[in-house]
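The structure appears right after this line, and notes come after that.
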Amino acid sequence: MNYCRRATLVALLLALLPGPTRAAEPPLDAATVLSTIDRGVAYLKQAQSSKGRWDELPTYAGGTTALCTLALLDAGVEPSDPVITKALAYLRTLEPEKTYVTALQTMVLATADPDRDRILIQRNVEWLEANQIKEGDKSGAWSYPGASGDNSNAQFALLGLYEAQRVGAVVQDDTWRRALDYWRRTQNPDGSWGYLPGWPGSGSMTCAGIGAVEIASAAIDEGDARVVGGVVQCCVPHERNDSIDRAVAWLSTQFSVRRNPGPAGMGQQFHLYYLYGVERAGRLTANRFFGDHDWYREGTGYLVDAQDPLSHYWVGGMHQESNPHIGSPLALLFLAKGRWPTLMAKLKHGPGDDWDNHRRDAMHLTREVEKAWKMPLTYQVIDPQKAEVEDLLQAPVLYLSGSKTPDLTALAPKLRDYVDRGGFIFIESCCGESRGWRTGVERLVEAMFPEPEYRLRQLRPAHPLWKMERIVRPESEYVGKLWAVEYGCRTCVVMCDADLSCYWELDRPGRAEKYPAKVRERIEDAATIGLNVLAYATGREPKGKEQSLELAPPPDAISDAGDRGVFQVAKLSHGGGCDDAPGALANLLRAAAQGDTKLRVEVLDELISAGDARLFERPMAFMHGRHTFRFTAAERRNLKQYLERGGTLLADSICASNEFTAAFRKEIAAALPGASLERIPADDPLLTRDFGGYSLERVELRDPQPVGDNEPLAAKNKRVEPQLEGIRIGDRWAVVFSQYDLSCALEQHVAIECRGYSKEDAARIGLNVMLYVINQ
C-alpha cells in the first residue's frame, strides 16, 4: 500500500520587479568570482613575451615564468594552450640552480604533462634532496642554496617534492624526516613560525609551517592502519602531535585577509604570498574555518575587490609583489586552488576521536577520485554541532565513521534538512563489526525519518552503486555489507557494515604496491565502493566552492509576505508515488525565492486529493509519480472543473517512468474528454522570457546509455528542445506535462540512470510555468 504524507506548499509572490541597483561593489557570487579569475588569466596571457617568458627577477631566471605558468594551469588553462606550450618549452631548458626556481619548475612540470617530463621531475627531486641542509641547527631546511637555510626556501622545496611524489617521483624517506624534524623543532612556543628559527611569527611563515608539517608527516607517518607480517592492523592507536593544532590556533587568533599578520610593520609585506599560503594551509588541513573566519570567502572577497579595475592585475604593497607578474599569479593561485570542489566532509562526533580512527582515510579516497575523474578535489572536516545546514551543504556528501555506540540523534533535524536539500550521507563501521555503532546509526535514521518506509535496508543487487564507476567484484567482502535508505527517487544514505576507512588509509603513495596481493585486492575493493558511492551522490559533478558564495535571500523574505498577494500551489495525492520526490516542489519554491524571479516562499505540510474542494483555492497544482495510478470518477470531475475554471496542472514522470507516463495520459484523457496532450513548441511564450522567466529553447537532457552486465553506468548529456506536452483550454496551457524527469533533479540529485533534465533546467522549467500562471 502506498502511503503519502500530506503537504501543501504555499508560494508567496513578492517583488517581481528588480530591486534597487547596488551603488557600491558587485555582490560576491559565483559569476563574479569566475569572471575575476578569467580577467586575471587574460592579463597574464597578454603579458607573456614572444619568447614564452614573463619579466624575471635578477638572478632567478625562470622563477617568474614558472610562477605565472603554474597559476594559469591551476586556473584551468590547458597544457595545449599556446601560452602554456611556449612557457613549457622555455622552462624545460632550465638546469636546477636555485631552490625557488627548481621547486616552481617541478610544480609546473608535475601539473602540465608529468608523463612527458618524468625524467626532468626526478632530476629536480634529486637536486632538491642533494641541497637539503643535513647538519647543524638548520638540518632539514633549504637555502638558495647555501648553509643559511630559511623557512621560505624550505617551504618551496617541500612543495616541489610534494607535487613530484604525487605524480610518481621517488622521494627518500630521510628527506621527509629531516624536513619534518626541522619544522617541528623550530616552531615558536606560541605555535607560529618566523622567517628564521627564533624570529617572531608571521602569517605567511606560519602557513608555510602548517603546510610543511602536513606534507612531510603524511609522507612518512606509519598511519593508523598497517600491514605487519602480511596481516592488516586497523585502528592502530596513535598519539597526536600538536604542531599543526598549535599553529592553527595561532593563525585563528591573528587571522586577517587584509594584511600579513605578524610583528609591527609586517602587514603589507608579502601580503599576497601570505594569502597563497592561507589557501594551502586551509586545504591541506581540511579546515574551512580559521577560528570564526571562512578563509575562502573572506580571501576571495578581498581579492575580487583588489583586482585592478582596468588592467585586471594584482599587486601587493611591498617588495617583489609590487611587480604585477608576481602579485597576479599569487592572487590567482588563491582564487583558483581555493575554489577546488569539496568532494565530502568528514563529520566530527561524540567525545574523543572515534570519528577519526583513520586520520587520512578521506584524504586518500579524495586522491583516488581525483585520479578517476581527472579533476582537482578537496575535502573538509566539519563539526555538525557548530555548523548550519548551509555549511553542511557546501559538501555534497557527509562522511561518518566510527566504532563505538554513538549518540547522534540530536543531529537528526539538521541532517534531515541537509538530505531534503540534496545532501547524501555515507556511513561506515570501522575497527571491526560493532553492533553498538550500528544501533546508534539505526537510531539516527529513525530520528531523521519518522516515516516508517524510510529505514536502512540491504542494498538491492540491481542498485547502480554496484557498478556506478567500477564493477564491484562478486567475491568482494563488501558484497552483502551495504545498507541504504531509499528516499523518494533516490538513495540518500548508505552504510557499510565492514571497514572501508582502514583500507583507504593503507592506500598511500609509494606504499600500496609493497603489500601482499590479497591486501592490495581489498584496498582496490574499498576504493571501488568509495568511488561508486561518491559518483552516485555527486553525479561526478561536484561544484566549485564559489557556488556557495551566492547571496542568500534577504532576512525578511517571509516575514513581510502576509500583506502582499498569495500564490498557492497544491500538491496532488494519488496512488502512484505522489510523494516519491518529497523535496522537489519545496526546492522549486526555494529556487523561486533565491533566483532572478525573486518569488518569496513559505512551505506548509499537507497534500490534497484531486477531488478536494480546496483545489479551487489554488491557481496551480503539481503532481509527479513513478508507478501506475487511477483517479476516481469524482476526482476526474473535480479536476476537469478546476482546469476549465482557470487552474493549471504541472506534472512530471519521476526518472521518466513509463508506468506513470501511461497512467497520466490515460487519466488526463478521462478527465478532459476530447482533449489530448500536444507538444509545446520551443518558441512558445511559456518557454521564453515573455513572463519574466528564462529562455528555454534549448535545455540539457540526461540520457542513460545501455551498458553490458560488466560495464560501468554511463549517460549522455545533450542540448535539445524541451520535450514538454500540454493541453490547451481556450488560449492558455491548462496542463503542462514532462515525460522526462523534473522532480529528481529538483531534489538536487542527479542519478545517472534517471532520464531527465539537469538540475538547473528543471528549476527553470518549473519557474517559467509558475510565472506563466501568475501572468495569465
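Rule-based calculations on the coordinates, nothing more; no lab input. Because the structure is predicted, anything quoted here is derived from the model rather than measured. Cβ sites come from the backbone with ideal geometry, for glycine too, and all protein chains shown count toward neighbours.
Between the listed residues 261, 243, 229, the Cα displaced farthest toward the positive end of the dipole of the stretch 212-297, a dipole computed from Cβ unit charges relative to the Cα centre, is found at 261. In this simple spin-label approximation, residue 122 and residue 195 carry label points 7 Å from Cα along the Cα→Cβ vector, and these lie 3.8 nm apart. Computed from phi, the 3J(HN,Hα) profile of the stretch 382-388 under the Karplus parametrisation 6.51, -1.76, 1.60 (θ = phi - 60°) reads 9, 9, x, 5, 8, 7, 8 Hz, with x in place of Gly and Pro. Each peptide in 472-481, 148-157 gets a packing score, the mean of other Cβ atoms within 10 Å over its residues, and the list from highest to lowest is 148-157, 472-481.
For the stretch 419-464, the spread of Cα positions along the three principal axes, ordered from largest to smallest, is 31, 28, 19 Å.
In this structure, residue 669 and residue 721 have a Cβ-Cβ separation that, at R0 = 25 Å, corresponds to a calculated FRET efficiency of about 0.55. Could you tell me whether the stretch 342-545 comes out rounded, prolate or oblate from its Cα gyration tensor? Rule is a ≥ b ≥ c as square roots of the eigenvalues, rounded for a/c under 1.5, then prolate if a/b exceeds b/c, otherwise oblate. Rounded, since a/c falls under 1.5.
Averaging the sequence gap over all C-alpha pairs within less than 8 Å and six or more residues apart, then dividing by the number of residues, gives the chain a relative contact order of 13 percent.
Using only alpha carbon pairs under 8 Å that are at least six residues apart, calculate the relative contact order of the stretch 342-545 and give it in whole percent. Please report the intermediate quantities before stating the final value.
Values: 351 pairs, mean separation 50.3, N = 204.
Computed value for the stretch 342-545: 25 percent relative contact order.
The label-point distance for residue 222 and residue 435, in a model that sets each label 7 Å from Cα toward Cβ, rounds to 3.3 nm.
For the stretch 198-203, putting each phi into the Karplus relation 6.51 cos²θ - 1.76 cosθ + 1.60 with θ = phi - 60° gives couplings of x, 6, x, x, 10, x Hz, in residue order, rounded to whole numbers and with x for Gly and Pro.
About its Cα centre, the stretch 171-290 has a charge dipole of approximately 420 debye under the convention of +1 per Lys or Arg Cβ and -1 per Asp or Glu Cβ, with nothing else charged.
Rounded to the nearest 5, what % of DSSP beta bridges with both residues in the stretch 342-545 are antiparallel? It would help to have the intermediate numbers written out before the result.
Working: 8 of 25 bridges.
About 30 percent, rounded to the nearest 5.
Among 186, 715, 87, whose Cα projects farthest towards the positive end of the dipole of the chain, with charges put on the beta-carbon of Lys, Arg (+1) and Asp, Glu (-1)? Sorting the options by dipole projection puts first 715. Of all lysines in the structure, the ones whose alpha carbon falls short of 21 Å from that of residue 640, not counting any fewer than 8 places away in one chain, are 571, 666. The mean sequence distance of close C-alpha pairs (under 8 Å, at least 6 residues apart), as a share of the length of the stretch 465-554, puts its relative contact order at 36 percent. Amide hydrogen proximity for residue 756: with H placed 1.01 Å from N in the peptide plane, the residues at 5 or more positions away or on another chain lying under 5 Å are 702, 741.
Helix 30-47 axis versus longest C-alpha principal axis of the chain: approximately 40°, rounded to the nearest ten. Straightening the chain between residue 541 and residue 690 buys 50.5 nm, computed as 0.36 nm per residue apart minus the Cα-Cα spacing. Seen from residue 276, the other residues with C-beta closer than 12 Å to its C-beta sum to a net charge of 0, counting Lys and Arg as +1 and Asp and Glu as -1.
What shape does the stretch 627-771 take by its C-alpha gyration tensor, where a ≥ b ≥ c are the square roots of the eigenvalues and a/c under 1.5 counts as rounded, a/b above b/c as prolate, and the rest as oblate? Judged from the Cα gyration tensor, the stretch 627-771 comes out oblate (a/c at least 1.5, b/c at or above a/b).
Taking K and R as +1 and D and E as -1, what net charge do the other residues with C-beta under 15 Å from the C-beta of residue 638 add up to?
+2
With the simple model of a label 7 Å out from the Cα in the direction of the Cβ, residue 374 to residue 239 spans 4.6 nm. At full extension, residue 407 and residue 453 could sit 14.3 nm farther apart than now, given 0.36 nm per residue minus the alpha carbon distance. For the stretch 66-149, the list of trypsin sites (Lys or Arg not before Pro) that fall in a loop by DSSP and count at most 16 other C-beta atoms within 10 angstrom reads 92, 116, 134.
If you count, for each residue, the other Cβ atoms within 10 Å and average over each peptide, how do 752-763, 244-255, 356-367 line up from highest to lowest?
Numbers: 752-763: 21.2, 244-255: 19.4, 356-367: 23.7.
Ranked from most to least packed, the peptides come out as 356-367, 752-763, 244-255.
Potential lengthening of the chain between residue 45 and residue 305 amounts to 91.5 nm, from the contour at 0.36 nm per residue minus the alpha-carbon distance. A straight line joining the Cα centroids of the stretch 121-189 and the stretch 653-713 runs 60 Å.
Rounded if a/c is under 1.5, else prolate if a/b beats b/c, else oblate: with a ≥ b ≥ c from the C-alpha gyration tensor eigenvalues square-rooted, which is the stretch 607-692? Before the final figure, lay out the partial values.
Details: a/c = 1.63, a/b = 1.18, b/c = 1.38.
It is oblate, given that a/c is not under 1.5 and a/b is not larger than b/c.
In whole angstrom, how far apart do the alpha carbon centroids of the stretch 355-395 and the stretch 45-65 sit? Each part's Cα centre sits 37 Å from the other's.
Net charge dipole, the chain: roughly 780 debye, given to the nearest 20, about the Cα centre with Cβ charges of +1 for Lys and Arg and -1 for Asp and Glu. Counting only Cβ charges, +1 for Lys and Arg and -1 for Asp and Glu, the dipole size of the stretch 342-545 around its Cα centre is about 500 debye.
For the chain, count all C-alpha to C-alpha pairs, find those more than 50 Å apart, and express that count as a whole percent of the total. Let's see the in-between values first.
Details: 65935 of 300700 pairs.
More than 50 Å apart: 22 percent of the Cα pairs in the chain.
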